[in-house]
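Right, one structure below, let's go through it.
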Amino acid sequence: MPVQPRVDLDSLPSYVAGRTVPGAVKLSSNETPGGPLPSVAKAIAEATTNVNRYPDISVAKLAARLAEKTGLTVEQIAVGCGSVALCQQLVQAMCAPGDEVLFAWRSFESYPIVSQIANATPVKVPLDASHTHDLDAMAAKITPKTRVIFVCNPNNPTGTANRRAELDRFLDRVPSDVLVVLDEAYREFVTDPDVPDGLDYVRTRENVAVLRTFSKAYGLAGLRVGYFAGPAAVAEAVRKVYVPFSVNSLAQIAAMASLDAEDELLERCETIVAERDRVRAALIEAGYEVPDSQANFVWLPLGEKALDFAEHTLANKVVVRAFAGDGVRVTVSHHDENDLFLHAARSYRSKN
Ligand SMILES: *Cc1c(COP(=O)(O)O)cnc(C)c1O
């Protein structure tokens, strides 16, 4: 008999990364367009002289910095190889086989994958008509088997965000033994003052956690580092299922250098936010429906035309992220790259 991997993995959806096409502008992965700041690049370069050594397995210095930044204890922090790895660790740390992981759909594509890998049962709750988490419908789907609820705020790929009042009401309905994970990968791009900072909930509620990443606003997608902040008992369990040394030494150094340069990086985010609002307004003027985005991308709910639209922009040298039958997510970049995309979007409209 040949070796036989787990049969259930045959039905596991693959993570689809945004495409990179040589010669085309890449607006498909929600990355920051600028390279690392000179101070961060220098710290990374200096750290390369030490790569013969293993990284600090406990990521102690960075975790201490993050505790200080968030006002939490270091016991409440877990650093991971990107927040995607932390999603997987969280489900492994919280769920026995058959337990349920609840999340909206469409949302971040890792949630069903990490649930299935951990033998947990993914439960998807459709977004509402405004492409936003339907928190009442999600609360109604909680069962005795529910262990984790992911709320992606703002939501990838629709950019929509849930506000404080509805989140308060939702959290009041969630049983105290169910963990709510606010995935705030795009928090730094939020401009709506009514969208709460999830860390405020971590400070005041015992079943709420937050995931943050250095991949988006901090521009370190290639180095893979993110963090969990939440109840100390969960953080400890998340650290237990950590793949040893997976947060590499360059990532640890670069994340700390980025915290040192935070003001400069957040200024860059302001430029992206201004461009986001410009791109959205231009798309609406061209006749597209575009939900309000609180992230560094916009969502076009094009339904059956999603793939066709993406092919059209690709022919115009712009790569976007299409979700078949659903919509297209477009990362906001520099002015000129955004204009290239807007040009393609307008010419699609005139043909269709
Ligand atoms: C990009 C993204 C992440 C993860 O990023 P990492 O690069 O793994 O840190 C997590 N959640 C959401 C919703 C994202 O869009």
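Using the structure shown, decide if residue 146 is under 24 Å from residue 302 (Cβ atoms) and of a type in the set (Val, Ile, Thr).
no
Can you find a residue in segment 210-226 that is closer than 16 Å to residue 102 by Cβ and either within 16 Å of the ligand (Cβ to nearest atom) or outside any loop (DSSP other than H, G, I, E, B) (or both)?
Within segment 210-226, one or more residues are closer than 16 Å to residue 102 by Cβ and either within 16 Å of the ligand (Cβ to nearest atom) or outside any loop (DSSP other than H, G, I, E, B) (or both).
For segment 254-271, what are the residues that are crowded, with 19+ Cβ neighbours inside 10 Å and touching an Asp or Glu at 6+ places or on another chain (Cβ under 9 Å)?
265, 269 - these are the residues of segment 254-271 that are crowded, with 19+ Cβ neighbours inside 10 Å and touching an Asp or Glu at 6+ places or on another chain (Cβ under 9 Å).
Regarding residue 233, is this residue over 30 Å from residue 344 (Cα atoms), small (Gly, Ala, Ser) and surrounded by fewer than 17 Cβ atoms within 10 Å (Cβ to Cβ)?
yes
Filter segment 198-230 down to residues that are within 21 Å of residue 75 (Cα to Cα) and of a type in the set (Ser, Thr, Tyr) and give me whichever is nearest to the chain's Cα centre (by Cα).
Among residues in segment 198-230 that are within 21 Å of residue 75 (Cα to Cα) and of a type in the set (Ser, Thr, Tyr), the one nearest to the chain's Cα centre (by Cα) is 213.
Condition check ((1) in a helix (DSSP H, G or I); (2) surrounded by fewer than 23 Cβ atoms within 10 Å (Cβ to Cβ)) across all residues:
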{"position": "69", "(1), (2)": "yes, yes"}
{"position": "78", "(1), (2)": "no, no"}
{"position": "83", "(1), (2)": "yes, no"}
{"position": "86", "(1), (2)": "yes, no"}
{"position": "90", "(1), (2)": "yes, no"}
{"position": "93", "(1), (2)": "yes, no"}
{"position": "98", "(1), (2)": "no, yes"}
{"position": "104", "(1), (2)": "no, no"}
{"position": "107", "(1), (2)": "no, yes"}
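Which of (1) at pLDDT below 95; (2) more than 23 Å from residue 131 (Cα to Cα) is the odd one out, the single condition residue 349 does not satisfy?
Tallying (1) at pLDDT below 95; (2) more than 23 Å from residue 131 (Cα to Cα), residue 349 fails exactly one: (2).
Say whether the condition of being within 22 Å of residue 21 (Cα to Cα) and of a type in the set (Gly, Ala, Ser) is met by at least one residue in segment 307-321.
Scanning segment 307-321 turns up at least one residue that is within 22 Å of residue 21 (Cα to Cα) and of a type in the set (Gly, Ala, Ser).
For segment 232-330, list the helices (runs of 4 or more DSSP H) that sit wholly inside it and hold at least 3 residues that are under 20 Å from the mean Cα position of the chain (by Cα) and either at pLDDT below 95 or not hydrophobic (A, V, I, L, M, F, W, C) (or both); which are they?
Per the criteria, 262-285.
Look through segment 15-29, keep the residues that are touching a residue at least 40 places away in the same chain (Cβ under 8 Å) and among the small types (Gly, Ala, Ser), and return whichever of them is nearest to the ligand (Cβ to nearest atom).
Ranking the candidates gives 29 first.
May I ask you to verify whether residue 80 is at pLDDT 95 or above and on the phi > 0 side of the Ramachandran plot?
no
Looking at (1) more than 17 Å from the chain's Cα centre (by Cα); (2) under 17 Å from residue 209 (Cβ atoms); (3) outside any loop (DSSP other than H, G, I, E, B), which is the only condition residue 166 fails?
(2)
Just for segment 49-63: of the residues that are part of a helix (DSSP H, G or I) and surrounded by 13 or more Cβ atoms within 10 Å (Cβ to Cβ), which one is farthest from the ligand (Cβ to nearest atom)?
Among those residues, the one meeting the criterion is 61.
The values are calculated or read from the model by the stated rules, or taken from the named source; none is laboratory data. The structure displayed is predicted, hence computed values, not measured ones. When we count neighbours, we look across all protein chains shown, and the Cβ atoms used for this are built from the backbone with ideal geometry, even at glycine.
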